[in-house]
Structure formats: structure tokens, C-alpha cells
Amino acid sequence: MIPGYYIKTCSSGVEISHLSVIEDYMMDSSSHKIYHVHGFDSRQHLEHYLSDKPNMVFEEDFLIFPIENLTSVFRTGHIRGDVMIDLSGGSLVHHLYAPSEFFKHIIILKVQDRCILELKRWLNTRTGAFEWGHATKIHVDIEGKSTQLQEKEEKVREAAQHVAKCDLEKENIMDPVILPPAYCIISAWLLDIVCKDKDEYIRYLKKFSQLLKPGGHLILIGCLGLTYYTVGKEKFSGFPYDEDFARKALVGEGFIIDICVSKKATGLIVD
């Protein structure tokens, strides 16, 4: 068993969620690749952590738990508006099911071209796109709308029409474009795989907050204690922080934490 957590914090400043841990205290992460510098095979990432293959050990951590909690948060109806920004790692889709019911426009920002291509393949219903039907079914079953599988995916495609590349190192990550301020930002697993230390985590968090309207919400989904993760045969660095640090970082940037949920991970790491 690998210790892990899913923290969710919501605020009229923020909402944060941290999900499951993948960690190895014996490995030297300094030699590992870095997501936004080297990139990874986005399809291998999806197949390994988010597929519907039999006995998928990460199903509870990376599919069921975040979908359940995001559905619960958005079901209250308090987080809604015209524009939402998604700043997440990989080519994820399943975390957009719930907010697509409450936001007309979802702007998806990615740091890697390969992840953009993979995501657009699904958004444009192209041949060979990753199959998200198993995740869609989890969501509609939780909502009690099991007959609306196709409608749910179309709702996401309708809202997520804006996909663009960003540069986290720039003061304005979309320079020279100025994005409209968002009422909500979701960032799933991105800070965990781009940050190398606490200062960098706070620096990126500050940039995210600048994209929000006053009183907007930030939803973070991530891994606590992550030292590294694998995609295919390659190992990538993670930033091993804990819940206490995440809370202090958010409060330090002026966020109010409303909700915090954590769980132990069920997935196993096998080299």
C-alpha cells in the first residue's frame, strides 16, 4: 500500500484538492525527467493511470475519488459562471465533467504540445482518441443519470472549445494574450509535477491566483509526498509536499480554505 491523500479545499478564494501519493524514498529524483521540460508520452500516461483495463490499480485514486468529490462540490451550485480555466497535467478530461454543467466556456491551458494534440483528438472525436467512456459512466452513475452518457461527453466538448499552450515561466503565462478573469480554476496534478521546491510551488500558485476574479475559486487536485512517477520506462520528478504546507501556502496567498478531504491511495508502484 502507498500512503496517499485527496485534499479538497474550496474557498471564496479557493478550493484545493490533493489526491493520492506515489512515492519511493529509495530513489534519487534528481536524475529524473521533468514534465514541462522534457515532456512525456501523453497516451502512455493515460493508459497507465486512467484507462479501463482490467484490475486497473489506480481507478479509485485517479478516477473515482476525484469524480465523486468534484461532482459533490459543483452540485451545490455555488461555483458557476461564464469562464473557467483548466491548468492540469497530461491530457485529462474526466475532471471537466462536473464543471461543464456550470460554465459556458472552459479554457484549457497546457504546457506540452503533445498533450494538446492528444486532448484535441478526443474533443474533435477523431479516430484513435483515448476512450473516456468508463470515466463518463462513473460520473453519470454518481449523478443518477446513467442514461446520459453521450450527452455528458457532448457537454464537455461544447464547453471546452478553447485549448492553448502556456508558458509557466512568464509573468503572464499566456503572454502576449490577456485572458479574461475566471471565476474558477481547476489544476489537476500540475503543481506536483512542475515544481521542484516550496518556493516554486508558491510562485506558481501566485500566478494562478492572478487569473481569478476577486472571490473566485481554485480547485487543486494533486499527490501528497510524490517523489517520482513513471510513464512507460521513464521516471519523472515529483514535488513531495504535505497537507500542512499546502494549507499554509494557500492561506499565505490570501485564499480561504473551505473544504479539505484526504484519503490513502490504493494503487501500487511496480518497477
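Of the conditions (1) part of a loop (DSSP other than H, G, I, E, B); (2) at negative phi, residue 254 satisfies every one except a single condition; which number is it?
Unmet for residue 254, out of (1) part of a loop (DSSP other than H, G, I, E, B); (2) at negative phi: (2).
Go over the candidates 171, 151 one by one and state the one that is more than 18 Å from residue 113 (Cα to Cα), charged (D, E, K, R), at pLDDT below 95 and part of a loop (DSSP other than H, G, I, E, B).
Working: 151 fails: part of a loop (DSSP other than H, G, I, E, B).
Exactly one of 171, 151 is more than 18 Å from residue 113 (Cα to Cα), charged (D, E, K, R), at pLDDT below 95 and part of a loop (DSSP other than H, G, I, E, B), namely 171.
So the check is Cβ under 8 Å with 6+ separation or different chains; which pairs have a first residue in segment 240-262 that's within 23 Å of residue 72 (Cβ to Cβ) and charged (D, E, K, R) and a second one that's part of a loop (DSSP other than H, G, I, E, B) and open to solvent by 60 Å² or more (accessible area, probe 1.4 Å)?
243/5; 243/262; 258/12
Among the listed residues 253, 234, identify the single one that is farther than 28 Å from residue 105 by Cβ and of a type outside the set (S, T, N, Q). Reasoning before the result, please.
Working: 253 fails: farther than 28 Å from residue 105 by Cβ.
Being farther than 28 Å from residue 105 by Cβ and of a type outside the set (S, T, N, Q) holds for just one of 253, 234, which is 234.
Please give the helices (runs of 4 or more DSSP H) falling wholly within segment 1-88 in which 3 or more residues are over 28 Å from residue 248 (Cα atoms), modelled with pLDDT of 90 or more and within 15 Å of the chain's Cα centre (by Cα). Walk me through it before giving the result.
On the way: elements: 35-38, 42-49, 65-75.
The helices (runs of 4 or more DSSP H) meeting that bar are 42-49.
Give segment 175-195 a look and list any residue that's over 23 Å from residue 121 (Cβ atoms), open to solvent by 10 Å² or more (accessible area, probe 1.4 Å) and in contact (Cβ under 8 Å) with a residue 60 or more places away in the chain, or say none.
Selection gives 179, 180, 181, 183.
Can you give me the number of residues within segment 108-164 that are exposed (fewer than 15 other Cβ atoms within 10 Å of the Cβ), within 23 Å of residue 190 (Cα to Cα) and small (Gly, Ala, Ser)?
Looking only at that region, the number is 1.
Could you list, in sequence order, all residues of segment 204-226 that are within 19 Å of residue 110 (Cα to Cα) and open to solvent by 10 Å² or more (accessible area, probe 1.4 Å)?
206, 207, 209, 210, 211, 212
Identify all residues within segment 89-123 that are of a type in the set (Gly, Ala, Ser) and in a loop (DSSP other than H, G, I, E, B); write none if there are none.
If the condition is that a residue be of a type in the set (Gly, Ala, Ser) and in a loop (DSSP other than H, G, I, E, B), then 89, 90, 91, 98 are the ones that fit.
Would you please name the residue that is nearest to residue 160 (Cα to Cα), looking only at residues in segment 95-137 that are charged (D, E, K, R) and touching a Lys or Arg at 6+ places or on another chain (Cβ under 7 Å)? Reasoning before the result, please.
Initial filter on segment 95-137 (charged (D, E, K, R)): 101, 104, 110, 113-114, 118, 120-121, 126, 131, 137.
Imposing the further condition that a residue be touching a Lys or Arg at 6+ places or on another chain (Cβ under 7 Å) reduces the set to 101, 110, 113, 118.
Working: 101: 11, 110: 13, 113: 17, 118: 14 Å.
Of everything passing the filter in segment 95-137, 101 is nearest to residue 160 (Cα to Cα).
Conditions (1) out of contact with any strand residue (DSSP E or B) (no Cβ under 6 Å at 6 or more places or on another chain); (2) within 25 Å of residue 179 (Cα to Cα), marked per residue:
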position	(1), (2)
67	yes, no
79	no, yes
109	no, yes
113	yes, yes
132	yes, no
137	yes, no
147	yes, no
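Sort through 241, 229 and tell me the only one that's assigned to a loop (DSSP other than H, G, I, E, B) and crowded, with 19+ Cβ neighbours inside 10 Å. It would help to see each step written out before you state the result.
Working: 229 fails: assigned to a loop (DSSP other than H, G, I, E, B).
Result: 241 is the single residue among 241, 229 that is assigned to a loop (DSSP other than H, G, I, E, B) and crowded, with 19+ Cβ neighbours inside 10 Å.
What do you reckon, is residue 201 open to solvent by less than 20 Å² (accessible area, probe 1.4 Å), over 24 Å from residue 99 (Cα atoms) and touching a Ser or Thr at 6+ places or on another chain (Cβ under 8 Å)? Walk me through it before giving the result.
Numbers: open to solvent by less than 20 Å² (accessible area, probe 1.4 Å): yes; over 24 Å from residue 99 (Cα atoms): yes; touching a Ser or Thr at 6+ places or on another chain (Cβ under 8 Å): no.
Judged against the criteria, residue 201 is not a match.
Quick test for you: out of 126, 157, pick the one residue that is under 20 Å from residue 110 (Cα atoms) and part of a helix (DSSP H, G or I).
Details: 126 fails: part of a helix (DSSP H, G or I).
Among 126, 157, only 157 is under 20 Å from residue 110 (Cα atoms) and part of a helix (DSSP H, G or I).
The values are calculated or read from the model by the stated rules, or taken from the named source; none is laboratory data. Just so it is clear, the model here is predicted, and its values are computed rather than measured. Every residue, glycine among them, receives a Cβ derived from its backbone with ideal geometry; neighbour counts consider all protein chains shown. Each accessible area value is taken on the protein alone, full model and side chains, heavy atoms only, with ligands, DNA and RNA left out. Shrake-Rupley method; radii C 1.70, N 1.55, O 1.52, S 1.80 Å.
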